Amino acid sequence: MTGRQLFAEMIQDNGQSNSLSLRAHVIRVCLHILVKPSLRAASSIQAARRHVRLHGLLVSHPPRGTETITVDAGGVKADLISTGASRHDRHILYLHGGCYVVGSPGLYRDLTWRIATLCRSRVLCIDYRLAPEHPFPAALDDAVAAYRWLLSQGADPHRIALMGDSAGGGLAFATMLRLRDEGVDLPSSAVVVSPWTDLALTGESLRLNADIDALIPVELAPRIVDLCLAGADPRNPFASPLYGDPTGLPPTLILVGGDDVLRDDAVRMAEKMSAAGCHVEIEVWPRMWHAWQMLVRVMPEARAAIARIAMFMQDRL
């Protein structure tokens with residue numbers, strides 16, 4: 001499938017509505033009944049990882065013609081994904097979600113090839129180190145190393161974008177803050193979905209949306225933060241970008257669900273970027289839960305979100 005064909009298919013669903021598709025209704029119920037309780041019941045990080053790996057077996061493989069190569073990106077294991085539509089001078093560094101304790105590029109294989117096609121780029125999805133074995137700032141160190149590796153391979157920063165969701169969304173902001181502070185040329189733009197920007201857990205939506213978010217058992221958040229930070233300050237801007245100064249960050253698109261427990265992390269980050277003079281676009285999608293874009297194969301609202309991302313990226317890579 002060409003980039004033009006895939007874009008045409010997905011753009012038909014673009015646009016937000018207060019009404020859910022039938023598929024979204026069904027998926028929402030299934031997440032509430034099956035997935036959220038199983039995450040809540042996980043007795044350890046190892047159990048949670050086993051649970052996530054089992055779900056990963058259900059993730060569809062990319063279509064024929066997709067090339068996925070395992071690379072060493074500056075000491076960081078990563079998948080480099082390209083399709084027939086990908087231009088080799090355009091790069092997206094994708095940072096996966098998973099609360100910094102679970103997740104891998106393989107879980108994103110049905111998403112990253114679509115991004116590669118729609119954005120006509122190569123996608124570098126890194127397998128950054130996870131807590132608690134590797135607490136803060138290990139994930140950040142890996143993301144910065146992978147970006148620097150892209151530059152060392154001859155990539156033009158004006159042809160690089162950062163993307164991420166959930167913890168990966170917060171990590172994308174932290175990466176840009178660190179690159180800026182180290183004097184490294186920043187990427188052209190960034191896109192984040194449901195970003196976790198405040199590990200101090202002060203957002204009101206953590207409480208207000210605790211029951212309606214179909215995915216995240218929010219009561220686990222304090223323990224996850226302890227594992228991620230291992231005693232570090234939760235208001236350290238490189239752990240919680242909400243507490244940093246975003247001056248000079250590149251144009252950024254933020255998507256978040258209205259029912260997302262991290263809605264306020266996204267909204268407050270957008271407000272802070274706007275106050276600092278950054279170009280930021282934020283969209284709160286009614287009735288969407290945390291990281292709904294991952295269901296791109298089966299849910300119209302997820303396809304619409306990916307199409308929106310592609311539109312934002314059209315003139316920025």
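The values are calculated or read from the model by the stated rules, or taken from the named source; none is laboratory data. On a predicted model such as this, the values are computed, not experimentally measured, just so you know. Cβ: placed from backbone, ideal geometry, glycine included. Neighbour counts: every protein chain shown. Heavy atoms of the whole protein, side chains included, go into the accessibility calculation; ligands, DNA and RNA do not. Shrake-Rupley method; radii C 1.70, N 1.55, O 1.52, S 1.80 Å.
Distance from the C-alpha centroid of segment 176-230 to that of segment 248-307: 12 Å, rounded to the whole angstrom.
Rolling a 1.4 Å probe over the protein heavy atoms of segment 42-144, with every protein chain left in place, gives an accessible area that is 54 percent carbon and sulfur. Of all DSSP-defined beta bridges confined to the chain, some 30% are antiparallel rather than parallel. Over all other residues within a Cβ to Cβ distance under 15 Å of Val280, the charged ones net out to -1, with Lys and Arg as +1 and Asp and Glu as -1. Extension gain for the segment Ser60 to Asp315, taken as residue separation times 0.36 nm less the Cα-Cα distance, is 88.8 nm to one decimal. Close amide H pairs (under 5 Å, H built 1.01 Å from N) link Trp285 with Val256, Gly257, Gly258, residues at least 5 positions away or on another chain.
Here, P(r) means the percent of Cα pairs in each 10 Å bin from 0 to the largest distance; for segment 14-75 it is 16, 27, 31, 24, 2. Among the protein heavy atoms, those of Tyr243 account for about 70 Å² of accessible surface (1.4 Å probe, every chain in place).
Solvent-accessible area of Val29, all protein chains in place: 80 Å² (probe radius 1.4 Å, heavy atoms, ligands and nucleic acids excluded).
On full extension, the segment bounded by Arg207 and Asp89 gains 38.1 nm, given 0.36 nm per residue less the C-alpha separation. In terms of accessible area, using a 1.4 Å probe and ignoring ligands and nucleic acids, Phe238, Phe173 rank largest first as Phe238, Phe173. Averaged over its residues, the chain has an accessible area of 41 Å² per residue, based on protein heavy atoms and a 1.4 Å probe. Given their separation in residues at 0.36 nm each and the Cα-Cα distance between them, His25 and Ser38 gain 2.7 nm when the chain is fully extended. For His134, the accessible surface of its heavy atoms amounts to roughly 80 Å² (probe 1.4 Å, protein chains only, rounded to the nearest 10).
Each part reduced to its alpha carbon centroid, segment 111-160 and segment 20-44 end up 29 Å apart. With R₀ set to 25 Å, the beta-carbon distance separating Leu151 from Ala232 gives a calculated FRET efficiency near 0.35.
Note the listed values (1) 20.6; (2) 19.2; (3) 20.1, then indicate which one is Kirkwood radius over Cα pairs in Å calculated from this particular structure. Only one listed value fits the structure, namely (2).
Summarising the amide proton neighbourhood of Ala78: residues at separation of 5 or more, or on other chains, whose placed amide H is nearer than 5 Å comprise Val71, Ala73, Asp127.
Among Lys272, Lys77, Lys36, the sequence by solvent-accessible area, most first, with a 1.4 Å probe is Lys77, Lys272, Lys36. Taking every DSSP bridge with both residues inside segment 43-132, close to 70 percent are antiparallel.
Label-to-label distance for Thr247 and His279 is 2.0 nm, based on points extended 7 Å past Cα in the beta-carbon direction. Counting only GluC sites (Glu not before Pro) that DSSP places in a loop and that have at most 12 other Cβ atoms within 10 Å, the longest clean stretch of the chain runs over 1-132.
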